1. Given the criterion on the phi > 0 side of the Ramachandran plot and among the small types (Gly, Ala, Ser), identify the matching residue among Gly137, Gly173, Gly143.
2. Go through region 152-219 and tell me which strands (runs of 3 or more DSSP E), entirely inside it, have 2 or more residues that are of a type in the set (Val, Ile, Thr).
3. Looking at region 304-332 only, could you name the residues that are more than 27 Å from Leu368 (Cβ to Cβ) and either within 27 Å of the chain's Cα centre (by Cα) or of a type in the set (Phe, Trp, Tyr) (or both)?
4. Before we move on, is Val396 buried (at least 24 other Cβ atoms within 10 Å of the Cβ), closer than 11 Å to Leu184 by Cβ and within 15 Å of the ligand (Cβ to nearest atom)?
5. Restrict the check to region 326-341 and report whether at least one residue is within 15 Å of the ligand (Cβ to nearest atom) and buried (at least 18 other Cβ atoms within 10 Å of the Cβ).
Amino acid sequence: MAISDPSLFDAFAACGATAAGGVHRPCASAADGAARDVLEAALNAAGAQTRTDAVGNQFGLFRLAEAPDAPLVMMGSHLDSQPNGGRFDGALGVAAAVHVGAALMRLKREGARFSADFCAVNWTNEEGARFRPSLLGSGVYVGRHTADEALAALDDDGVTLRDALSAIGRNGGDQAPPLPACYLELHVEQGVTLEQAGVAVGVVTRNWGATKFDVTYKGEQAHTGPCPMGLRRDALLAASHLIVEARAIADRWPGKVHSSVGRLVVAPNSANVVPCETRLSLEIRSNDDGVLAEASALADAAIATAAERAAVEVASVVRNERAIRPMPAAVSDLVEASAAALGAPSLRLDTVAGHDAISLLGHCPTGLVFVPSAGGIAHNEAEFTAPKDVETGFSVCLEAAARLCRAAGSPERALDQQGLAA
Ligand SMILES: [Zn+2]
């Protein structure tokens with residue numbers, strides 16, 4: 001089935017578009033507000049009822065079933081981006097969800113019968129870029145955070161998520177829909193596995209684990225000239241020791257551990273001043289529970305050692321620990337069968353990155369579908385997925401969602417359903 005409305009994805013990409021072909025669309029910015037308006041208009045035009053909950057999650061409910069309390073099949077992703085990020089990350093999955101909802105609605109009008117309703121969703125602050133932690137909106141939806149906790153999150157300018165959403169008119173008063181019978185998400189791989197295999201569809205069967213630390217080093221502000229080296233308590237030197245050691249930890253387990261310091265705030269950040277404070281975000285990711293525990297313990301020790309070497313104080317908290325978990329086999333099997341029914345080869349793989357689907361994992365049957373990222377480029381303006389791969393991904397999701405909506409949302413029963421091609 002051809003993509004009926006490729007313009008929706010392009011319309012998202014125009015919101016916060018950068019000259020180099022990417023998007024700069026921080027959560028609850030004016031650009032995010034514009035993308036949300038585009039989404040709401042598209043959902044309304046496709047026949048959905050729209051709702052926005054207290055943390056700005058946007059839902060579009062497509063009433064497909066006859067029963068008023070029919071189970072729900074949900075699909076979505078996020079419209080926020082990293083600073084100068086790519087236009088595919090997140091927005092592609094939201095566009096896919098609207099495409100699927102609109103197509104199912106058309107099928108219903110043409111006489112198809114469904115036993116589940118469909119819901120498209122845009123989760124607030126998936127990226128964790130403007131507000132931390134990441135996966136915030138989906139985390140509230142599954143009860144991992146309260147709405148008040150999420151709304152109190154601060155950006156680097158001290159603006160709360162509550163005020164930022166209010167500024168774009170998106171702190172809604174609607175109740176979020178109940179947990180779905182099954183959740184699906186289409187996302188770009190952000191790696192090279194699919195491209196190297198020459199396969200358009202990735203069926204995610206497991207997520208990598210992660211340990212994320214927030215670290216603050218406190219030294220003493222001094223003149224970079226006269227202050228004797230032996231008396232300096234340089235908070236940036238401590239951060240530097242840690243940054244180098246974080247890389248060394250990953251290099252002990254090639255291919256099994258990824259590490260980075262992605263965020264560093266230096267105070268007072270002045271050319272002639274020895275920094276008195278640094279705040280940084282360190283993350284360790286792995287595909288092996290034992291290795292993750294060992295590497296995280298090494299990172300914890302390295303945080304303290306770096307402070308000692310620079311003679312500064314340190315405070316560190318583990319902000320987020322993500323366990324390695326399998327995705328439900330029934331949903332993976334359904335996605336694989338849906339791809340096969342369309343003649344599209346698929347491949348099973350891990351996700352190294354976190355996604356909203358990982359937020360919902362354990363709360364309802366959850367599936368994550370990848371399409372290739374050219375060169376594995378991600379969180380970068382050059383991010384690209386070929387149109388034919390996008391089309392395949394959309395079609396596979398529509399096939400899987402149609403089967404689910406005929407099977408009251410049950411992935412086990414959906415496996416036995418006839419597909420759209422039948
Ligand atoms: Zn994403």
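The values are calculated or read from the model by the stated rules, or taken from the named source; none is laboratory data. All of these numbers come straight from a predicted model, not from anything done at the bench. When we count neighbours, we look across all protein chains shown, and the Cβ atoms used for this are built from the backbone with ideal geometry, even at glycine.
1. Unique residue meeting the criteria: Gly143.
2. Working: elements: 182-188, 201-207, 209-218.
So the answer is 201-207, 209-218.
3. Those that are more than 27 Å from Leu368 (Cβ to Cβ) and either within 27 Å of the chain's Cα centre (by Cα) or of a type in the set (Phe, Trp, Tyr) (or both): Ser316, Val317.
4. Against the criterion (buried (at least 24 other Cβ atoms within 10 Å of the Cβ), closer than 11 Å to Leu184 by Cβ and within 15 Å of the ligand (Cβ to nearest atom)), Val396 does not qualify.
5. No; the residues of region 326-341 include none that is within 15 Å of the ligand (Cβ to nearest atom) and buried (at least 18 other Cβ atoms within 10 Å of the Cβ).
Listed here are the residues, each with its yes/no results for (1) of a type in the set (Lys, Arg); (2) within 16 Å of the ligand (Cβ to nearest atom).
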position	(1), (2)
Asp156	no, no
Ile168	no, no
Leu184	no, yes
Val188	no, yes
Thr193	no, no
Val204	no, yes
Trp208	no, yes
Lys212	yes, no
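Matching residues to (1) out of contact with any Asp or Glu (no Cβ under 6 Å at 6 or more places or on another chain); (2) surrounded by fewer than 19 Cβ atoms within 10 Å (Cβ to Cβ); (3) farther than 20 Å from Ile303 by Cβ:
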{"position": "Gln175", "(1), (2), (3)": "yes, yes, yes"}
{"position": "His187", "(1), (2), (3)": "yes, no, yes"}
{"position": "Arg206", "(1), (2), (3)": "no, yes, yes"}
{"position": "Tyr217", "(1), (2), (3)": "yes, no, no"}
{"position": "Ala222", "(1), (2), (3)": "yes, yes, yes"}
{"position": "Pro228", "(1), (2), (3)": "yes, yes, yes"}
{"position": "Ala235", "(1), (2), (3)": "no, no, no"}
{"position": "Ala248", "(1), (2), (3)": "yes, yes, no"}
{"position": "Pro254", "(1), (2), (3)": "yes, yes, yes"}
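Every residue, every condition in (1) within 16 Å of the ligand (Cβ to nearest atom); (2) assigned by TED's automatic domain parsing to the domain that holds Leu184; (3) in a helix (DSSP H, G or I), yes or no:
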position: Arg348; (1), (2), (3): no, yes, no
position: Ala357; (1), (2), (3): yes, yes, yes
position: Gly367; (1), (2), (3): yes, yes, no
position: Ala378; (1), (2), (3): yes, yes, no
position: Thr392; (1), (2), (3): no, yes, yes
position: Ala400; (1), (2), (3): no, yes, yes
